[in-house]
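Below is one structure, written out as structure tokens; the observations come after it.
The values are calculated or read from the model by the stated rules, or taken from the named source; none is laboratory data. Keep in mind the model is a prediction, meaning the values are calculated, not measured. Positions of Cβ are backbone-derived with ideal geometry, glycine not excepted, and every protein chain shown enters the neighbour counts.
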Amino acid sequence: MRLFVALDLPAALRQRLAFLVGGLSGARWTPVENLHLTLRFIGEAPGWQADEIDHALGALRAPGFPLTLAGVGLFAKGGRGTALWAGAERTPALDHLHSKVETALQRIGIEPERRRFAPHVTLGRVDAVPEPRLAAYLQAHGLFRAEPVPIGHFTLFSSRLGKERAVYAAEAEYELSPATPPLAPRW
């Protein structure tokens with residue numbers, strides 16, 4: 001089973017992102033229902049290990065938080081664009097959750113993630129799109145900003161490769177504790 005841990009985006013935020021998915025011929029867009037923010041890609045895991053992963057993630061405690069998506073960008077490899085993304089604003093709470101997930105997985109023997117955490121939502125693959133069209137898309141959508149949305153859980157997903165696209169299934173959801181409001185000044 002191919003697994004990853006992610007924030008399953010609320011429907012309203014997915015609909016807001018749907019306006020970014022399109023208008024660039026040659027791109028292979030992520031279906032709106034598959035839009036998510038990956039906290040940790042795990043990869044192939046046998047059933048017994050999936051149970052250990054579920055148990056480790058279920059024991060994790062972290063507060064909920066608001067998530068704000070802002071800006072679009074491009075991942076590149078060898079000087080060539082590979083994927084378009086919508087960025088997530090880094091917050092201490094998002095980084096804390098990512099760190100807790102990483103630590104929980106390492107404690108049960110999952111190899112550490114080698115890539116630096118860059119919170120984003122992948123919008124599509126663009127390796128067949130000419131650079132001038134990518135530049136125009138980025139310029140047109142660079143000021144994208146969504147209203148903050150509350151995040152109250154994270155999800156363990158499985159991914160099965162289909163004929164035309166990957167099919168994601170939520171295997172388990174893990175609740176976050178209610179976000180603590182900031183303290184009011186005492187004066």
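The rows are residues; the columns are (1) assigned to a strand (DSSP E or B); (2) in contact with a strand residue (DSSP E or B) (Cβ under 7 Å, 6 or more places away or on another chain); (3) surrounded by fewer than 17 Cβ atoms within 10 Å (Cβ to Cβ).
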position: Ala56; (1), (2), (3): no, no, no
position: Ala76; (1), (2), (3): yes, yes, yes
position: Ala83; (1), (2), (3): yes, yes, no
position: Ala104; (1), (2), (3): no, no, no
position: Ala118; (1), (2), (3): no, no, yes
position: Asp127; (1), (2), (3): no, yes, yes
position: Arg133; (1), (2), (3): no, no, yes
position: Ala136; (1), (2), (3): no, no, yes
position: Ala140; (1), (2), (3): no, no, yes
Just one listed residue, out of Gly26, Gly109, is more than 30 Å from Pro178 (Cα to Cα), out of contact with any Phe, Trp or Tyr (no Cβ under 9 Å at 6 or more places or on another chain) and in a loop (DSSP other than H, G, I, E, B), and it is Gly26
Are any residues in segment 97-132 among the aliphatic types (A, V, I, L, M) and under 30 Å from Glu164 (Cα atoms), and if so, which ones?
Ile110, Ala118, Val121, Leu123, Val126, Ala128, Val129
Given the conditions (1) modelled with pLDDT under 95; (2) surrounded by 14 or more Cβ atoms within 10 Å (Cβ to Cβ); (3) of a type outside the set (A, V, I, L, M, F, W, C); (4) under 23 Å from Ala172 (Cβ atoms), every one holds for Gly47 apart from (2)
Residue identified as in a loop (DSSP other than H, G, I, E, B), under 18 Å from the mean Cα position of the chain (by Cα) and not aromatic (Phe, Trp, Tyr) among Glu147, Glu164:
Glu147
